[in-house]
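Enquirer: Before I ask anything, let me first share the structure, which is written out below as structure tokens.
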Amino acid sequence: MMQRQGQVEADGSAAVRKPPVRNPRQPSERTTPAEFSREVRSEMRQVAWPKSPEVVNYASVVLVALVLLTALIFVLNYAFSKAMLFMFKP
């Protein structure tokens, strides 16, 4: 099995791997700005855009999560600062 995978030779010795020969770089074809904008427009037509109620719903969920996490961080910061001041009070 190891021989089939190329890890050992037929006599059991370790197989020597040769690095793959790379082709020299071929010059890449550049697109014109007009062709690029046509392709972008074509791809944007395929996007499934959300409806207005979905956007409002997602935005409200994000806003509520933002407010809750901000409040949580504020409360934790306030509690830890009061605890540090209490512990190190002269």
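What follows is calculated from the coordinates using simple rules that are stated; it is not laboratory data. Given the structure is predicted, the values throughout are model-derived calculations rather than measurements. Here the Cβ is made from the backbone with ideal geometry for all residues, glycine too, and neighbour counts use every protein chain on show.
Enquirer: Suppose we filter A34, A79, A71 for residues that are of a type in the set (A, V, I, L, M) and more than 30 Å from the chain's Cα centre (by Cα); which single one remains?
Expert: None of the others qualify; the one that does is A79.
Enquirer: Give me the helices (runs of 4 or more DSSP H) completely within the chain, filtered to those with at least 3 residues that are polar (S, T, N, Q), ordered by residue number.
Expert: 52-87
Okay, residues lined up against (1) small (G, A, S); (2) surrounded by 10 or more Cβ atoms within 10 Å (Cβ to Cβ):
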| position | (1), (2) |
| --- | --- |
| P19 | no, no |
| P50 | no, yes |
| E54 | no, yes |
| L66 | no, yes |
| A79 | yes, yes |
